[in-house]
Structure formats: C-alpha cells, structure tokens
Amino acid sequence: MQLLGKMLRRLIVAFAGLALIVVAAKSGFAFTNGQYNLIRIQSCISVPESEQDVLFVVDSITGGTLVLADSLAIISVIPICHPGGAFFAFLNNGVVTNVAVIPGLL
C-alpha cells in the first residue's frame, strides 16, 4: 500500500510540474498602444483605494494585466468580469483610456 501511495505522489508531482510549465509558457504578444485590444478575461480583482476602486484584469490572450482606474470603465467591465468574458480596451501610452463592451462578444 505504501508503494502505491509513493507512486501516486510522484505521478501527481510530475503532472503538477508539467502543468506549471504549460501555464508559464505564454506567447510574446503585448498590448498595442494607440488602438483597441481584445481582452479575454482570465480573472478580475477589485482593490479599494483611498479615493476610488481599482480593477485589475488579467488577459488570457497575452497573459498581461490591465489596470482600470476610471470609474466608467470599471462600471462597464464589472458585469462581464468572469473567466471567458471579453471586451475591447483602448490603450494610450500604456493607460486604458476607453473600453468597449460588445454584447455577445465571446
């Protein structure tokens, strides 16, 4: 029974290591300034700041993280803020200046 337990543990460790390698291997694409970028949501985290909330959105396409501090942008994105949701974000010098949420964009 102990031999079976050790083998099972080693198998789990091997698969976990392989999963980390696969997850860590992201494409080299980055967000493009001066145009709308398609953002497919992997996860969202809302952090309350002193004056306003800040929304961090992790993109599943690039693996990058967008920081939304504009109240209107946060209100627009929060309803679709779940894995698999998608929206367009316009970046100007690395800052999100506009978001476009299109119903049915999946």
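For region 37-71, give me the residue count where each residue is among the acidic types (Asp, Glu) and modelled with pLDDT of 90 or more. Counting residues in region 37-71 that are among the acidic types (Asp, Glu) and modelled with pLDDT of 90 or more gives 1. Confirm whether Thr62 is within 22 Å of Asn33 (Cα to Cα), in contact with a Phe, Trp or Tyr (Cβ under 7 Å, 6 or more places away or on another chain), surrounded by 13 or more Cβ atoms within 10 Å (Cβ to Cβ) and among the hydroxyl-bearing types (Ser, Thr, Tyr). Yes, satisfied. Flag set for Lys6, criterion: of a type in the set (Lys, Arg), modelled with pLDDT under 85 and more than 22 Å from Ala86 (Cβ to Cβ).
If you go through region 31-79 and keep only what is among the charged types (D, E, K, R) and under 22 Å from Pro103 (Cα atoms), you end up with Arg40, Asp59, Asp70.
Residues that are outside any loop (DSSP other than H, G, I, E, B), modelled with pLDDT of 85 or more, out of contact with any His (no Cβ under 8 Å at 6 or more places or on another chain) and at negative phi do occur in region 15-36.
The values are calculated or read from the model by the stated rules, or taken from the named source; none is laboratory data. Since we're looking at a predicted model, the values are computed, not measured. With ideal geometry, Cβ positions are generated from the backbone for all residues, glycine too; neighbour counts draw on all protein chains shown.
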